[in-house]
Every structure is written in C-alpha cells, then in structure tokens.
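Just so it is clear, none of the values below were taken in a lab; they were calculated from the coordinates. The structure presented is a predicted model; accordingly, all values stated were derived computationally and were not measured. For neighbour counting, all protein chains shown are included, and Cβ atoms are generated from backbone atoms with ideal geometry for every residue, glycine included.
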2 protein chains.
Amino acid sequence: MTKSAAVLVIGDEILSGRTQDTNTNTIARFLGSLGIDLKEARVVGDVEAEIVAALNALRGIYDFVFTTGGIGPTHDDITADAVAAAFGVGIGYHPEAYALLEARYPPGEFNDMRKRMARIPHGATLVANPVSGAPGFHIGNVYVLAGVPMVMRAMLEQIAPQLPRGATVTSVTVEASIPEGAIAPGLAQLQKDHKDVAIGSYPFYREGALKPFGAQLVVRGRDSAAVERAVLALEDILRDLGAAPQRIKPANSVDVK
Amino acid sequence: MTKSAAVLVIGDEILSGRTQDTNTNTIARFLGSLGIDLKEARVVGDVEAEIVAALNALRGIYDFVFTTGGIGPTHDDITADAVAAAFGVGIGYHPEAYALLEARYPPGEFNDMRKRMARIPHGATLVANPVSGAPGFHIGNVYVLAGVPMVMRAMLEQIAPQLPRGATVTSVTVEASIPEGAIAPGLAQLQKDHKDVAIGSYPFYREGALKPFGAQLVVRGRDSAAVERAVLALEDILRDLGAAPQRIKPANSVDVK
C-alpha cells in the first residue's frame, strides 16, 4: 500500500510574498524518490490556532506530515508549541537538545531565547541538524523541520532511513511542438485505454524560441512497463498528427505550468 | 476591515515535484499591493473530490479564493467541473467563451476537447485571457485562473479593478551580521513594546560571503508611522549589540528562509 504525505509550510513570509517557498518542491522530490505520494500541501502563517488546525486536519488524513519553519529562537518561532498543542502534550526542555545547544555557545551566550530551541513536545524524538545545531523533531506521524532550505534539506537526509520505501513512480516526459488542444482528443482516448498510468499535459510558451509553443506530455505510473506501453502509443499518436515527439528529461522548470 | 484571501493551487505536477509553484508568490505580492491579506494557501492534485473539499473549506473562511490550474483543454483539466460541483450549480458552454474560442481556430479545428475550455459553471462571469484566449471565471467569492504563470499574471491584471482596495502593509527590512539568537531577546521585548506591528526574523547563510551569516529583521504594519518607530528602536538595539543595521530592499530571495 502506497504511503501518503502532506507538507505544512509555516511562515508569514511565504504568505506576504516576501519569500518564495521552495521547501514543498524539495520535499515532493524527496518523497518521490522514496515512493511516497505527496497528496497535499498547505501554507499557514505564524498563528498558533491556524497551525494547530491545519496540522490536526493533515495528520488525520495522511500517513506522514512534514512541517517546515518556525523552530528558531525568536518570538515568532512558535511551531514547537503549536505541535504540542495539536497533540495535546506538554512541552519543555529536551535534555539532549539542551545539552547540544548549550555546547555550541560561549559561556553566557546561551540565552533564554536560544534555549527556546531546546523546547520539544513531550514524547518527541529529535531530528539532527548537522548545519546549524538546533534540532527538528518527530512526534507521531509528524516530522517538524527547519524553514531555512539548506537546513531543511539536511534534516530530510537525516530522516530518510526512518521512512518506509515504496515502489517509485516512473515518469516519462514527451515534448512536441503541437498545441495542447490538437493532442487533447488523442490524449483523452489514450488515458481511457491506459488506466494504469496517469497522463498529464502541460503547455509551454518560450518567447523568442524557434518553436515557441508546444506541450509536455507526462506519463506516470508505478508499473514501468505500463508507462512504456502508454508512451509508445502516445508517440504514435503524435507522429500521426505530424508532430515529432521527443522524450526529454525535464528540468525543474518554473516557466512551464 | 481588511479583506482576507486564500490561494488554491490545483495540479499533480506541483505535488509530484515536477513543477515549482510560483503562482502563490505572485498572487501574494499582487494582493499585498491591493491591501488584501493572503492568509492561507493549499495545493491539491487533479482529483475532483479534493478540489471540491478544499475550495468549500477556503471559500467559507476567507473573503476571496484564487485558484490556479486545470482550466485547459485536456482530460486532466477538471477545475471548472469541480468548481461547479463545489457551488452545487450546473455547467455548460458559456456563449461568449464559446464564440471567442471558436473564432480563434481555423474551420474544423475547434474540437470537442477545445470546447471544454468554454464550459463554465452557471452563474459565473468570465475573466479575460489576453495571452491565449481561454478565459478564467469568477463565481461567488472565487476567481478561477490559469496555471501557466504568464497567463495567470495577465488574468490578475484583468481582475484587479474588480477587487477592493485596503490599506497596504508597510514592510521595512533591516539586515545585520548578527546571529539570530543574539538579537532574539531584544526582538521579543521590541515586539511586546510595539504591538501595532509584526516583527519577523529570518536568518541567512551566504556561502563564501565576507559576512556569511546574519539575520533579516522585518517590521510590518498598516500604520507606517508605527512601523518607523519600531524600526528606529530596532536599529538602536542592533547598534547596542555592536551590529551595524542596514535597511535593505530584499530581493524575492529563494535562498533566505
């Protein structure tokens, strides 16, 4: 049975538009590599009631929830308290987190705000932070990770061995200089004939390019033979329409839909 | 009374990690310029029940909801049907949408799949698409926009005149080469003393830079005089700590948290 997951991004800076979230995409790719399906993502601000409500909704639906952000030393870092509230458990200094943070600072500099980073909900286990020390944590089916992308990525590497592996999705992208609407009828029939794969269509416009528009057609599925069968059929359909299909390795594009 | 909004991003390609969503950030900045607060964002896949559930949750809570994605001609474009289901209304060809799409194609090329783009929930009004023709639409407090960023941006421009204006948020960013934990106590006191602003702290690491780490401290509020008072106090605190505060105009950074 394929495991499901959700991401909960926590931070006013995402909702104000100040910061472009990239953690959701990083986690999506990470989970894909493990064969876990990311099913939903949410962004909420630094408001305890909203974090609690979103976390309780998501952890009830999905096998895993990954949160990012709000675990630093400043007053607006309230994720640990919100997670404790969501689980209905207490919170306090975690001896191991306290000791490792204390050891990082010169005498007198481990102030009360820095000590906040050692406050961990009761019953949680730590997620090591090899970049900057302050740990994340894991409680129930929830992983609480840092918001800084570099730290978040390092924490994902830490928890990878704890997560289950499933069959990974094979994804093949075929690009053609054809309007989406011209391939759409064939694509709909193809999807009907190949119910064991999911077929997506993503139009693109490339200003100034020799062939400025077209579509990337993506066939995805856990049965790689089924994916290949559907892709071969797709390539036939495209050739019949006079388009020259090309299998490509898509970049993590921000310009294509 | 400040108006609130949510974004609902619709598309398997975001959750698979294939595509980095940038529409949420674009909408966040757009709403900020109008004085509307973006309070939540969600991403769901191309699954009608999930789109319906998310849309009904969000439109019940916030003044406006903006959806992106799933309004093209292909079988996986199911947003219009999902929105009709969410509102409990019928759906069919919208005469104006049908006519404008029909006029775009050579005789015989306006196929059934392309006609799908003229299917609009009953009671909705169109949102013009000056880039590629196929319109978005507006029903109740929900704006249904394209997923392709270039088209989505053009649609935002179309609907801007219809949206209410509120007082915009003034945001001042002060950068200092100081560890977040060293400024945290002063920052917490500052937030207590200036409850009319919101103070955020975002640490950064810049590999290879002369001063590789520090924090960006952001003061936000609708009363610009109150923001300025808090920023002046913040700069005093930073100078007392031996840090040289610098007001900066932050780029839309993807490296900073």
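Span-like helices, chain A: DSSP H, alpha-carbon axial extent 30 Å or more, mean Kyte-Doolittle -1.0 or greater, which ones?
Both cut-offs are met by no helix.
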Taking every other residue with Cβ under 11 Å from the Cβ of A:Leu34 and scoring Lys and Arg +1, Asp and Glu -1, one gets +2
Taking r as the C-beta separation of B:Tyr93 and B:Ile248 and R0 as 45 Å, the FRET efficiency to the nearest 0.05 is 0.30
Pseudo-spin-label distance B:Met150 to B:Lys211, built 7 Å along Cα→Cβ, given in nm, is 4.1 nm
Which entries in A:Lys39/B:Lys249; A:Lys115/B:Lys195; A:Lys3/A:Lys195; B:Lys39/B:Lys192; B:Lys211/B:Lys249; A:Lys192/B:Lys39 show an alpha-carbon gap greater than 27 Å?
A:Lys39/B:Lys249; A:Lys192/B:Lys39
Tell me the Rg and the Dmax, in Å, that the Cα atoms of the range A:4-162 produce.
14.7, 46
Relative packing of peptides B:226-237, A:10-21 - highest average C-beta neighbours within 10 Å first
A:10-21, B:226-237
Sequence-distant residues sharing a close amide H with A:Asn129 (under 5 Å, placed H):
A:Gly136
The computed P(r) of the range B:170-248 puts the percent of Cα pairs beyond 21 Å at 21 percent
Ordered shortest first, which distances in nm separate the 7 Å Cα→C-beta label point of A:Asp240 from those of the other copies?
7.7
The protein assembly as shown - share of DSSP beta bridges that are antiparallel (%, nearest 5):
65 percent
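How do B:128-141, A:162-175 rank on mean C-beta neighbours within 10 Å, highest first? Could you put the intermediate results ahead of the total?
Details: B:128-141: 18.8, A:162-175: 16.1.
Top of the packing list down: B:128-141, A:162-175.
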Listed residues A:Ala57, A:Ala182, A:Ala80; largest mean-square fluctuation, Gaussian network over chain A with Cα springs below 10 Å, found at A:Ala182
In 5 Å bins starting at 0, how do the alpha-carbon pair distances of the range A:93-151 split up by percent?
4, 19, 30, 24, 16, 5, 1, 0
Put a label point 7 Å from Cα along the Cβ direction on B:Leu126, then list its distances to the equivalent points in the other copies in nm, shortest first.
6.2
Suppose you put the label 7 Å out from Cα in the Cβ direction; list, shortest first and in nm with one decimal, how far A:Gly60 is from each other copy's label.
1.2
Can you tell me the equivalent ellipsoid semi-axes for the protein assembly as shown? Use √(5λ) from the Cα gyration tensor, largest first, whole Å.
42, 27, 20
To the nearest whole number, what is the average tally of beta carbon atoms from other chains within 10 Å of the beta carbons of peptide A:9-15?
6
Report the closest approach of any chain A C-beta to the axis of the A-to-B rotation: residue and distance, in whole angstrom.
A:Arg42, 2
Roughly speaking, what is the stretch gain from A:Lys115 to A:Thr2, that is 0.36 nm per residue apart minus the C-alpha to C-alpha distance, in nm to one decimal?
36.8 nm
Taking amide hydrogens as modeled 1.01 Å from N in the peptide plane, which residues meet the under 5 Å criterion relative to A:Asp63, leaving out close sequence neighbours?
A:Ser4, A:Ala5
